[in-house]
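Before any comments, here is the structure.
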Amino acid sequence: MTEKNEKTHKTIEQAEQEGKYIRKVRSFVKREGRLTKNQQRSIDDHWQDMGLNHSDGLIDSQVVFANANPVVLEIGFGMGKSLVEMAQAAPETNFIGIEVHKPGVGACISSAIAAGVSNLKIFDHDAIDILADCIPDGTLTTVQLFFPDPWHKKKHHKRRIVSAEFVETIRQKLKVGGVFHMATDWENYAECMLADMQSAQGYNNVSASNDYVPRPESRPLTKFENRGQRLGHGVWDLQFAKKA
Ligand SMILES: C[S@@+](CC[C@H](N)C(=O)[O-])C[C@H]1O[C@@H](n2cnc3c(N)ncnc32)[C@H](O)[C@@H]1O
């Protein structure tokens, strides 16, 4: 094989280290908040069972969960309260959560253990890298993105995780008929999400009115949503299904 034809795929991290790829903007600022003793212990005691590592590369969910159940991926689960509730309510579904905030990772593992949830695995890493390097195409039944950081100021909008490129990546990861479900309490972000989804190829809007859907029963109220409601904000849910 000539050098030209050799497979040169690298993880984004490897490529970044070699200076081959520099990502300019991230959707989060790493807040190294202190972990409580319980959060740290939960990670130490249960990472081996519940943790997934970016460095291990592409996952095979049938191996990871030891079954062929459908897989739901949640990006940015915060403290994991609603993710654990969903996993507990749907034991025949596998859940994978991704979060960069370590205390949230610890809190989520702690709640999952307390709830006796065994159908949940966690990545402690940037979701953009996980999608690129660890999630095989055409394998997810649902992708959930609930209350992503809204980056209110216009000059920060480039940090928003939802973009035309992101929604195309999600489409590639979904199975045909699989649903991308987003929710936000920030109207301008909801409008941008809708615009990105409407101009994306390969999705059908689940909404009867061709815009938003009522909050599905399956999505528990989150802390952020409760807060939004108290402040009199609306909440917008969007659901788009991948076309054949
Ligand atoms: C505003 S919070 C919402 C948390 C939770 N979904 C909820 O509704 O309570 C957004 C979360 O997304 C996480 N996040 C942002 N960008 C991320 C990324 N690229 N990969 C993984 N997590 C990310 C942040 O650390 C934060 O916990």
Would you say Val29 is farther than 17 Å from His125 by Cβ, within 16 Å of the ligand (Cβ to nearest atom) and outside any helix (DSSP H, G or I)? no
What number of residues within the range 222-233 satisfy the criterion of being surrounded by 14 or more Cβ atoms within 10 Å (Cβ to Cβ), under 20 Å from the mean Cα position of the chain (by Cα) and not hydroxyl-bearing (Ser, Thr, Tyr)? 2
Write out, first by first residue and then by second, each pair whose Cβ atoms fall under 7 Å of each other, whose residues are 6+ apart or on separate chains, and whose first residue, in the range 170-184, is over 17 Å from Tyr212 (Cα atoms) and modelled with pLDDT of 95 or more while the second is in a helix (DSSP H, G or I) and not β-branched (Val, Ile, Thr). Lys173/Leu131
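Looking for whichever is surrounded by 13 or more Cβ atoms within 10 Å (Cβ to Cβ), at pLDDT below 95, of a type outside the set (Gly, Ala, Ser) and away from the ligand (no atom under 15 Å from the Cβ) here; the options are Glu187, Glu191, Glu217. Which one fits?
Testing whether each residue is surrounded by 13 or more Cβ atoms within 10 Å (Cβ to Cβ), at pLDDT below 95, of a type outside the set (Gly, Ala, Ser) and away from the ligand (no atom under 15 Å from the Cβ) leaves just Glu187.
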Restricting attention to the range 153-169, the residues that are in contact with a helix residue (DSSP H, G or I) (Cβ under 9 Å, 6 or more places away or on another chain), within 13 Å of the ligand (Cβ to nearest atom) and of a type outside the set (Gly, Ala, Ser) number exactly 5
Of the criteria (1) among the aromatic types (Phe, Trp, Tyr); (2) touching a helix residue (DSSP H, G or I) at 6+ places or on another chain (Cβ under 6 Å); (3) at pLDDT 95 or above, which one Phe147 fails: (3)
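Quick grid of which residues meet (1) polar (S, T, N, Q); (2) in contact (Cβ under 8 Å) with a residue 12 or more places away in the chain; (3) part of a helix (DSSP H, G or I); (4) in contact with a helix residue (DSSP H, G or I) (Cβ under 8 Å, 6 or more places away or on another chain):
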| residue | (1), (2), (3), (4) |
| --- | --- |
| Ile130 | no, yes, yes, yes |
| Met193 | no, yes, yes, no |
| Asn204 | yes, yes, no, no |
| Asn210 | yes, no, no, no |
Among the residues in the range 161-168, are any assigned to a helix (DSSP H, G or I) and among the aromatic types (Phe, Trp, Tyr)? yes
Matching helices (runs of 4 or more DSSP H) fully within the range 37-125 where at least 2 residues are more than 22 Å from Leu145 (Cα to Cα) and away from the ligand (no atom under 16 Å from the Cβ): 37-50, 61-64, 102-115
Could you run through the range 220-244 and say how many residues are among the basic types (Lys, Arg) and at pLDDT below 95? 3
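The values are calculated or read from the model by the stated rules, or taken from the named source; none is laboratory data. Quantities reported herein were computed from a predicted structural model and do not represent experimental measurements. As a convention, Cβ positions derive from the backbone with ideal geometry for all residues, glycine included, and neighbour counts pool all protein chains shown.
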